[in-house]
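J.: For reference, the structure I am asking about is given below.
Just so you know, all these numbers are worked out from the coordinates, no wet-lab data involved. Please read all numbers here as calculations on a predicted model, not as lab measurements. Ideal geometry is used to build each Cβ from the backbone, glycine not excepted, and the neighbour counts take in all protein chains shown.
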Amino acid sequence: MAAARRLQTARFEALGLSGISTNAGCPVPVLDEIARPDNAGLALLREAADAMRLTARAYHRVLKVARTLADLDGDAKVGRVHLAEALSYRARGDPVAQAA
């Protein structure tokens, strides 16, 4: 976990965002650059956004979690597996999704 934190801090410093040290604090325009999913991941995310009725805020929170999961795996790209895991956490914490 410490390695992922160091990676995130270095990433944001390289982008000139020294006040940000984690993906959670990443601004959306930068998030779109650093957490761009692969094609399979993007398709999954779009389908899930429709099915789960994700707001823009929720969509970006899923991307932040997926970017963190990719960092923990040591992957430079956010893949379908990272998005699937991030979405699974979202579904567990969503009482509306659980009631459906």
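J.: May I ask you to say which residue of ALA49, ALA40 is surrounded by 12 or more Cβ atoms within 10 Å (Cβ to Cβ), at negative phi and in contact (Cβ under 8 Å) with a residue 24 or more places away in the chain?
T.: ALA40
J.: Let me ask you something else. Does GLU13 fit the bill of being exposed (fewer than 15 other Cβ atoms within 10 Å of the Cβ), under 23 Å from SER88 (Cβ atoms), among the acidic types (Asp, Glu) and without any contact (Cβ under 8 Å) to a residue 40 or more places away in the chain?
T.: Taking the combined requirement at face value, the residue does not satisfy it.
J.: Moving to a separate point now. Looking only at the stretch 21-32, decide whether some residue is free of Cβ contacts under 8 Å to residues at least 12 places away in the same chain, exposed (fewer than 13 other Cβ atoms within 10 Å of the Cβ) and either of a type in the set (S, T, N, Q) or within 15 Å of ARG90 (Cα to Cα) (or both).
T.: no
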